1. Could you list, in sequence order, the residues of region 110-149 that are under 17 Å from the mean Cα position of the chain (by Cα) and within 11 Å of the ligand (Cβ to nearest atom)?
2. Among (1) within 16 Å of the ligand (Cβ to nearest atom); (2) outside any loop (DSSP other than H, G, I, E, B); (3) out of contact with any His (no Cβ under 8 Å at 6 or more places or on another chain), there is one condition Thr334 misses while meeting the rest; what is its number?
3. Could you list all residues from region 150-169 that are within 13 Å of the ligand (Cβ to nearest atom), open to solvent by 10 Å² or more (accessible area, probe 1.4 Å) and not β-branched (Val, Ile, Thr)?
4. Under the condition of being acidic (Asp, Glu) and without any contact (Cβ under 8 Å) to a residue 40 or more places away in the chain, which residue from region 117-144 is surrounded by the most Cβ atoms within 10 Å (Cβ to Cβ)?
5. Before we move on, is Phe188 modelled with pLDDT of 95 or more, among the aromatic types (Phe, Trp, Tyr) and farther than 18 Å from Leu29 by Cβ?
6. When both residues are 6+ apart or on different chains and their Cβ atoms are under 7 Å apart, which pairs have a first residue that lies in region 233-256 and is farther than 20 Å from Asp74 by Cβ, and a second that is within 15 Å of the ligand (Cβ to nearest atom) and of a type in the set (D, E, K, R)?
7. For region 175-207, give me the residue count where each residue is over 26 Å from Pro337 (Cα atoms) and either in contact with a Phe, Trp or Tyr (Cβ under 6 Å, 6 or more places away or on another chain) or not acidic (Asp, Glu) (or both).
8. May I ask you to list the residues in region 234-251 that are open to solvent by less than 10 Å² (accessible area, probe 1.4 Å) and either charged (D, E, K, R) or over 17 Å from Ser158 (Cα atoms) (or both)?
Amino acid sequence: EKGGYDHFMLKEIYEQPRAIKDTYRGRLLADQGLIKMSGIDQNLEKFLNANRIIIVACGTSWHAGLVAEYIFEDLARISVEVEYASEFRYRNPVITDKDVLIAISQSGETADTLAAIKLAKEKGAFVFGVCNVVGSSIARETDAGAYTHAGPEIGVASTKAFTTQITVLTLMALKLAKEKGVFSESRFHEYLTELETIPAKVEKALLANPLVEIIADVYKDSTNCLYLGRGYNFPVALEGALKLKEISYIHAEGYPAAEMKHGPIALIDEQMPVIVIATKKGHYEKVVSNIQEIKSRKGKIIAIVTQGDEQVTELADHVIEVPETFESLTPLLTTIPLQLLSYHIAVMRGCNVDQPRNLAKSVTVE
Ligand code: F6R
(Lines give C-alpha, C1' and ligand atoms only; values in the text may rest on other atoms or scores of the structure.)
Protein backbone atom coordinates (compact mmCIF):
# COMPACT_ATOMS: atom_id res chain seq x y z
CA GLU A 1 0.00 0.00 0.00
CA LYS A 2 2.87 2.30 0.81
CA GLY A 3 4.52 1.20 -2.41
CA GLY A 4 7.73 0.14 -0.70
CA TYR A 5 8.11 3.38 1.25
CA ASP A 6 8.24 3.43 5.05
CA HIS A 7 5.48 5.99 5.31
CA PHE A 8 2.66 7.40 3.22
CA MET A 9 4.19 10.84 3.57
CA LEU A 10 7.41 9.79 1.86
CA LYS A 11 5.48 7.96 -0.85
CA GLU A 12 3.38 11.04 -1.46
CA ILE A 13 6.44 13.30 -1.57
CA TYR A 14 7.88 11.03 -4.25
CA GLU A 15 4.60 10.94 -6.14
CA GLN A 16 4.76 14.65 -6.89
CA PRO A 17 6.24 14.47 -10.40
CA ARG A 18 3.48 12.06 -11.35
CA ALA A 19 0.81 14.05 -9.50
CA ILE A 20 1.76 17.28 -11.28
CA LYS A 21 1.55 15.45 -14.62
CA ASP A 22 -1.92 14.28 -13.67
CA THR A 23 -2.87 17.85 -12.84
CA TYR A 24 -1.69 18.91 -16.30
CA ARG A 25 -3.46 16.11 -18.14
CA GLY A 26 -5.97 17.42 -20.67
CA ARG A 27 -5.26 20.99 -19.52
CA LEU A 28 -1.72 21.90 -20.44
CA LEU A 29 -1.63 21.50 -24.22
CA ALA A 30 1.73 23.04 -25.02
CA ASP A 31 1.92 21.81 -28.60
CA GLN A 32 -1.42 23.45 -29.34
CA GLY A 33 -0.44 26.55 -27.38
CA LEU A 34 -3.44 26.11 -25.10
CA ILE A 35 -4.52 25.76 -21.49
CA LYS A 36 -7.90 24.10 -21.34
CA MET A 37 -9.91 24.30 -18.11
CA SER A 38 -13.63 23.91 -18.52
CA GLY A 39 -14.45 25.54 -15.18
CA ILE A 40 -12.77 28.71 -16.41
CA ASP A 41 -13.86 28.51 -20.04
CA GLN A 42 -17.49 28.29 -18.99
CA ASN A 43 -17.19 31.21 -16.59
CA LEU A 44 -14.65 33.37 -18.31
CA GLU A 45 -16.69 36.58 -18.03
CA LYS A 46 -16.93 36.18 -14.26
CA PHE A 47 -13.15 36.04 -13.98
CA LEU A 48 -12.46 38.78 -16.49
CA ASN A 49 -14.97 41.17 -14.93
CA ALA A 50 -13.98 40.43 -11.35
CA ASN A 51 -12.97 43.38 -9.19
CA ARG A 52 -10.72 41.07 -7.28
CA ILE A 53 -10.26 37.46 -6.33
CA ILE A 54 -10.67 36.45 -2.71
CA ILE A 55 -8.95 33.18 -1.80
CA VAL A 56 -10.13 31.34 1.32
CA ALA A 57 -8.51 28.26 2.81
CA CYS A 58 -6.90 26.84 5.97
CA GLY A 59 -3.45 25.48 6.78
CA THR A 60 -1.34 24.26 3.92
CA SER A 61 -4.09 25.11 1.44
CA TRP A 62 -3.93 28.69 2.72
CA HIS A 63 -0.20 28.68 1.92
CA ALA A 64 -1.01 27.55 -1.63
CA GLY A 65 -3.41 30.49 -1.73
CA LEU A 66 -0.60 32.85 -0.76
CA VAL A 67 1.58 31.53 -3.59
CA ALA A 68 -1.42 32.04 -5.89
CA GLU A 69 -1.68 35.66 -4.77
CA TYR A 70 1.81 36.32 -6.12
CA ILE A 71 1.06 34.40 -9.31
CA PHE A 72 -2.31 36.01 -10.09
CA GLU A 73 -1.10 39.52 -9.36
CA ASP A 74 2.23 39.19 -11.12
CA LEU A 75 1.14 37.22 -14.19
CA ALA A 76 -2.56 37.97 -14.69
CA ARG A 77 -2.61 41.42 -13.04
CA ILE A 78 -5.69 40.57 -10.98
CA SER A 79 -5.89 41.86 -7.44
CA VAL A 80 -6.04 39.06 -4.87
CA GLU A 81 -6.72 38.81 -1.17
CA VAL A 82 -5.95 35.64 0.75
CA GLU A 83 -7.94 34.93 3.87
CA TYR A 84 -8.01 32.32 6.59
CA ALA A 85 -11.51 30.91 6.11
CA SER A 86 -12.12 31.04 9.88
CA GLU A 87 -11.34 34.77 10.08
CA PHE A 88 -13.10 35.71 6.87
CA ARG A 89 -16.41 34.13 7.78
CA TYR A 90 -16.73 35.87 11.11
CA ARG A 91 -15.68 39.39 10.32
CA ASN A 92 -18.62 40.59 8.24
CA PRO A 93 -16.49 40.85 5.09
CA VAL A 94 -17.36 43.18 2.23
CA ILE A 95 -18.36 40.89 -0.64
CA THR A 96 -20.22 41.84 -3.81
CA ASP A 97 -21.36 40.10 -6.97
CA LYS A 98 -18.24 41.52 -8.63
CA ASP A 99 -16.03 39.31 -6.47
CA VAL A 100 -14.76 35.87 -7.36
CA LEU A 101 -14.02 33.66 -4.39
CA ILE A 102 -11.63 30.75 -4.81
CA ALA A 103 -11.80 28.11 -2.06
CA ILE A 104 -8.81 25.78 -1.82
CA SER A 105 -9.17 22.49 0.05
CA GLN A 106 -7.53 19.12 -0.29
CA SER A 107 -10.29 17.22 1.53
CA GLY A 108 -13.12 19.43 0.38
CA GLU A 109 -14.61 18.99 3.86
CA THR A 110 -13.00 21.73 5.96
CA ALA A 111 -15.81 23.28 8.00
CA ASP A 112 -14.56 26.87 8.02
CA THR A 113 -13.84 26.87 4.29
CA LEU A 114 -17.27 25.46 3.57
CA ALA A 115 -18.91 28.13 5.73
CA ALA A 116 -16.93 30.88 3.97
CA ILE A 117 -18.22 29.59 0.63
CA LYS A 118 -21.81 29.67 1.82
CA LEU A 119 -21.38 33.23 3.07
CA ALA A 120 -19.85 34.42 -0.22
CA LYS A 121 -22.60 32.77 -2.22
CA GLU A 122 -25.28 34.47 -0.14
CA LYS A 123 -23.70 37.82 -0.97
CA GLY A 124 -23.72 37.03 -4.68
CA ALA A 125 -20.06 36.22 -5.32
CA PHE A 126 -19.08 33.61 -7.87
CA VAL A 127 -17.39 30.72 -6.05
CA PHE A 128 -14.75 28.49 -7.59
CA GLY A 129 -13.31 25.42 -5.84
CA VAL A 130 -9.84 23.90 -6.02
CA CYS A 131 -10.26 20.51 -4.35
CA ASN A 132 -8.54 17.17 -4.42
CA VAL A 133 -11.32 14.87 -3.24
CA VAL A 134 -13.79 14.35 -6.04
CA GLY A 135 -17.42 14.85 -5.06
CA SER A 136 -16.49 16.38 -1.67
CA SER A 137 -18.76 18.89 0.06
CA ILE A 138 -16.77 21.90 -1.14
CA ALA A 139 -16.64 20.55 -4.70
CA ARG A 140 -20.43 20.27 -4.61
CA GLU A 141 -21.07 23.61 -2.94
CA THR A 142 -19.03 25.72 -5.38
CA ASP A 143 -20.37 27.17 -8.67
CA ALA A 144 -17.49 25.71 -10.65
CA GLY A 145 -14.03 24.35 -9.99
CA ALA A 146 -10.91 22.47 -10.96
CA TYR A 147 -9.75 19.30 -9.28
CA THR A 148 -6.08 18.88 -8.43
CA HIS A 149 -6.06 15.16 -9.38
CA ALA A 150 -3.23 14.46 -6.91
CA GLY A 151 -4.79 11.12 -5.99
CA PRO A 152 -5.60 10.11 -2.40
CA GLU A 153 -3.40 11.82 0.19
CA ILE A 154 -3.18 9.59 3.25
CA GLY A 155 -0.40 11.26 5.25
CA VAL A 156 -1.92 13.89 7.52
CA ALA A 157 0.81 16.34 6.56
CA SER A 158 -0.12 17.68 3.15
CA THR A 159 2.54 17.36 0.45
CA LYS A 160 1.39 16.47 -3.06
CA ALA A 161 -1.91 18.27 -2.46
CA PHE A 162 0.07 21.49 -1.92
CA THR A 163 2.15 21.29 -5.09
CA THR A 164 -0.83 20.28 -7.23
CA GLN A 165 -2.92 23.11 -5.79
CA ILE A 166 -0.18 25.52 -6.84
CA THR A 167 -0.10 23.82 -10.25
CA VAL A 168 -3.85 24.27 -10.82
CA LEU A 169 -3.72 27.88 -9.68
CA THR A 170 -0.75 28.56 -11.96
CA LEU A 171 -2.62 27.15 -14.94
CA MET A 172 -5.62 29.32 -14.05
CA ALA A 173 -3.52 32.47 -13.74
CA LEU A 174 -1.75 31.83 -17.04
CA LYS A 175 -5.00 31.15 -18.83
CA LEU A 176 -6.46 34.40 -17.50
CA ALA A 177 -3.29 36.32 -18.33
CA LYS A 178 -3.67 35.13 -21.92
CA GLU A 179 -7.40 35.86 -22.10
CA LYS A 180 -6.90 39.32 -20.61
CA GLY A 181 -4.23 40.11 -23.15
CA VAL A 182 -1.60 40.90 -20.51
CA PHE A 183 0.53 38.05 -21.86
CA SER A 184 1.94 38.07 -25.37
CA GLU A 185 1.64 34.92 -27.42
CA SER A 186 5.37 34.30 -27.11
CA ARG A 187 5.53 34.79 -23.35
CA PHE A 188 2.57 32.45 -22.98
CA HIS A 189 4.36 29.83 -25.06
CA GLU A 190 7.52 30.17 -23.01
CA TYR A 191 5.48 29.46 -19.91
CA LEU A 192 3.77 26.42 -21.40
CA THR A 193 7.14 25.00 -22.39
CA GLU A 194 8.62 25.65 -18.97
CA LEU A 195 5.62 24.10 -17.20
CA GLU A 196 6.20 20.93 -19.16
CA THR A 197 9.69 20.64 -17.65
CA ILE A 198 8.46 20.93 -14.04
CA PRO A 199 7.75 17.24 -13.31
CA ALA A 200 11.31 16.32 -14.37
CA LYS A 201 12.70 19.19 -12.30
CA VAL A 202 10.75 18.02 -9.25
CA GLU A 203 12.29 14.61 -9.89
CA LYS A 204 15.74 16.26 -9.81
CA ALA A 205 14.91 18.15 -6.63
CA LEU A 206 14.06 14.79 -5.02
CA LEU A 207 17.63 13.62 -5.69
CA ALA A 208 18.68 15.79 -2.74
CA ASN A 209 17.08 13.25 -0.39
CA PRO A 210 20.31 11.60 0.90
CA LEU A 211 21.88 15.00 1.53
CA VAL A 212 18.73 16.24 3.27
CA GLU A 213 18.87 13.17 5.50
CA ILE A 214 22.42 14.06 6.56
CA ILE A 215 21.36 17.62 7.33
CA ALA A 216 18.33 16.33 9.26
CA ASP A 217 20.64 14.31 11.47
CA VAL A 218 22.61 17.45 12.40
CA TYR A 219 19.52 19.44 13.43
CA LYS A 220 17.12 16.79 14.69
CA ASP A 221 17.56 17.84 18.33
CA SER A 222 16.92 21.52 17.77
CA THR A 223 14.16 23.09 19.80
CA ASN A 224 13.48 25.96 17.40
CA CYS A 225 13.83 26.60 13.74
CA LEU A 226 13.33 29.64 11.52
CA TYR A 227 12.32 29.58 7.84
CA LEU A 228 12.90 32.61 5.65
CA GLY A 229 11.93 33.45 2.09
CA ARG A 230 10.96 36.45 0.00
CA GLY A 231 8.41 37.01 -2.75
CA TYR A 232 7.14 33.79 -4.25
CA ASN A 233 9.10 31.83 -1.67
CA PHE A 234 7.77 33.59 1.41
CA PRO A 235 4.72 31.26 1.49
CA VAL A 236 7.09 28.33 0.96
CA ALA A 237 8.89 29.38 4.16
CA LEU A 238 5.57 29.36 6.01
CA GLU A 239 4.76 25.93 4.63
CA GLY A 240 8.21 24.59 5.52
CA ALA A 241 7.74 25.72 9.12
CA LEU A 242 4.23 24.24 9.34
CA LYS A 243 5.47 20.91 8.00
CA LEU A 244 8.25 20.76 10.59
CA LYS A 245 6.09 21.69 13.56
CA GLU A 246 3.21 19.38 12.74
CA ILE A 247 5.20 16.19 12.31
CA SER A 248 8.37 16.70 14.39
CA TYR A 249 6.87 18.91 17.15
CA ILE A 250 9.82 21.28 16.88
CA HIS A 251 8.79 24.90 17.23
CA ALA A 252 9.25 26.54 13.85
CA GLU A 253 8.30 29.86 12.33
CA GLY A 254 8.25 31.15 8.81
CA TYR A 255 8.93 34.79 8.06
CA PRO A 256 9.46 37.04 5.07
CA ALA A 257 13.25 37.36 5.13
CA ALA A 258 13.15 41.15 5.40
CA GLU A 259 10.96 41.01 8.50
CA MET A 260 13.74 39.33 10.42
CA LYS A 261 15.25 42.60 11.53
CA HIS A 262 11.88 43.68 12.93
CA GLY A 263 12.01 41.16 15.74
CA PRO A 264 12.93 37.55 15.06
CA ILE A 265 16.62 38.36 14.61
CA ALA A 266 16.75 38.59 18.42
CA LEU A 267 16.27 34.80 18.52
CA ILE A 268 19.32 34.01 16.48
CA ASP A 269 22.30 32.37 18.16
CA GLU A 270 24.46 29.30 17.51
CA GLN A 271 21.56 27.04 18.53
CA MET A 272 19.22 28.33 15.86
CA PRO A 273 19.00 26.66 12.47
CA VAL A 274 17.69 29.06 9.83
CA ILE A 275 16.42 27.63 6.60
CA VAL A 276 16.66 30.23 3.86
CA ILE A 277 15.19 29.95 0.39
CA ALA A 278 17.74 31.72 -1.75
CA THR A 279 17.08 30.83 -5.38
CA LYS A 280 18.78 32.89 -8.06
CA LYS A 281 15.87 34.96 -9.29
CA GLY A 282 13.90 35.85 -6.20
CA HIS A 283 15.53 39.02 -4.86
CA TYR A 284 18.73 37.03 -4.62
CA GLU A 285 21.04 39.86 -3.54
CA LYS A 286 18.68 40.91 -0.78
CA VAL A 287 18.49 37.34 0.52
CA VAL A 288 22.29 37.18 0.46
CA SER A 289 22.46 40.16 2.78
CA ASN A 290 19.86 38.55 5.08
CA ILE A 291 22.11 35.48 5.20
CA GLN A 292 25.09 37.63 6.14
CA GLU A 293 23.07 39.09 9.01
CA ILE A 294 22.26 35.61 10.31
CA LYS A 295 25.84 34.47 9.93
CA SER A 296 27.26 37.37 11.87
CA ARG A 297 24.98 36.31 14.77
CA LYS A 298 26.25 32.74 14.50
CA GLY A 299 22.98 31.23 13.28
CA LYS A 300 23.27 27.99 11.33
CA ILE A 301 22.24 28.42 7.70
CA ILE A 302 20.62 25.78 5.56
CA ALA A 303 20.03 27.35 2.18
CA ILE A 304 17.88 26.19 -0.72
CA VAL A 305 19.71 27.45 -3.81
CA THR A 306 19.62 27.24 -7.58
CA GLN A 307 21.86 24.62 -9.15
CA GLY A 308 25.34 26.05 -9.69
CA ASP A 309 24.99 28.73 -7.02
CA GLU A 310 28.26 30.19 -5.69
CA GLN A 311 27.57 33.21 -3.53
CA VAL A 312 25.20 31.65 -0.98
CA THR A 313 27.08 28.36 -1.14
CA GLU A 314 30.12 30.15 0.25
CA LEU A 315 28.19 31.63 3.17
CA ALA A 316 25.84 28.84 4.19
CA ASP A 317 26.56 25.86 6.48
CA HIS A 318 24.61 23.58 4.14
CA VAL A 319 23.16 24.09 0.69
CA ILE A 320 20.51 22.07 -1.09
CA GLU A 321 20.25 22.66 -4.83
CA VAL A 322 17.11 22.76 -6.93
CA PRO A 323 17.01 23.13 -10.74
CA GLU A 324 16.58 26.54 -12.30
CA THR A 325 13.13 27.63 -13.46
CA PHE A 326 11.03 30.78 -13.83
CA GLU A 327 10.80 32.67 -10.56
CA SER A 328 7.02 32.19 -10.40
CA LEU A 329 7.45 28.42 -10.62
CA THR A 330 10.20 28.06 -7.99
CA PRO A 331 7.78 27.20 -5.12
CA LEU A 332 7.09 23.87 -6.84
CA LEU A 333 10.78 23.01 -6.48
CA THR A 334 11.87 24.74 -3.27
CA THR A 335 9.06 23.04 -1.34
CA ILE A 336 10.49 19.58 -2.04
CA PRO A 337 13.64 19.67 0.17
CA LEU A 338 11.63 21.28 2.97
CA GLN A 339 9.14 18.40 2.91
CA LEU A 340 12.02 15.92 3.00
CA LEU A 341 13.76 17.76 5.83
CA SER A 342 10.65 17.66 8.03
CA TYR A 343 10.09 14.04 7.17
CA HIS A 344 13.59 12.89 8.13
CA ILE A 345 13.74 14.97 11.30
CA ALA A 346 10.36 13.57 12.42
CA VAL A 347 11.41 9.98 11.69
CA MET A 348 14.70 10.46 13.58
CA ARG A 349 12.79 11.83 16.56
CA GLY A 350 10.58 8.75 16.55
CA CYS A 351 7.42 10.65 15.65
CA ASN A 352 4.43 9.15 13.89
CA VAL A 353 4.81 11.09 10.65
CA ASP A 354 1.67 9.84 8.96
CA GLN A 355 -0.55 10.48 11.97
CA PRO A 356 0.89 13.24 14.09
CA ARG A 357 -0.62 13.74 17.53
CA ASN A 358 -3.72 15.93 17.86
CA LEU A 359 -4.22 16.28 14.09
CA ALA A 360 -6.89 14.95 11.75
CA LYS A 361 -6.76 14.67 7.99
CA SER A 362 -9.94 16.58 7.52
CA VAL A 363 -11.19 19.18 9.93
CA THR A 364 -14.96 18.98 9.73
CA VAL A 365 -15.63 20.96 12.87
CA GLU A 366 -14.66 24.59 13.36
C1 F6R B 1 -1.07 20.60 6.95
C2 F6R B 1 -2.43 20.21 6.74
C3 F6R B 1 -3.54 21.13 7.19
C4 F6R B 1 -4.56 21.29 6.06
C5 F6R B 1 -5.76 22.12 6.51
C6 F6R B 1 -6.75 22.35 5.37
O7 F6R B 1 -0.19 19.65 6.46
O8 F6R B 1 -2.70 19.17 6.21
O9 F6R B 1 -3.03 22.37 7.56
O10 F6R B 1 -3.92 21.87 4.96
O11 F6R B 1 -6.42 21.47 7.56
O12 F6R B 1 -7.27 21.17 4.89
P13 F6R B 1 -7.98 21.08 3.50
O14 F6R B 1 -7.02 21.43 2.44
O15 F6R B 1 -8.46 19.67 3.39
O16 F6R B 1 -9.12 22.07 3.52
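The values are calculated or read from the model by the stated rules, or taken from the named source; none is laboratory data. These figures come from a predicted structure and were not determined experimentally. Using ideal geometry, Cβ is built from the backbone for each residue, glycine included, and neighbour counts are taken over all protein chains shown. Keep in mind that these areas ignore ligands, DNA and RNA; they rest on the heavy atoms of the full protein, side chains included. Shrake-Rupley method; radii C 1.70, N 1.55, O 1.52, S 1.80 Å.
1. Gly129, Val130, Cys131, Asn132, Thr148
2. Of everything listed in (1) within 16 Å of the ligand (Cβ to nearest atom); (2) outside any loop (DSSP other than H, G, I, E, B); (3) out of contact with any His (no Cβ under 8 Å at 6 or more places or on another chain), Thr334 misses just condition (1).
3. Pro152, Glu153, Ser158
4. Residues of region 117-144 that are acidic (Asp, Glu), as a first pass: 122, 141, 143.
Okay, now just the ones that are also without any contact (Cβ under 8 Å) to a residue 40 or more places away in the chain, so 122, 141.
Values: Glu122: 9, Glu141: 17.
So the residue we want is Glu141.
5. No, not satisfied.
6. Matching pairs, first to second residue: His251/Lys245; Ala252/Lys245.
7. Final tally of qualifying residues: 13.
8. In the first step, residues of region 234-251 are kept if they are open to solvent by less than 10 Å² (accessible area, probe 1.4 Å); the result is 235-237, 239-241, 243-244, 247-248, 250.
Within region 234-251, Glu239, Lys243, Ile250 qualify.
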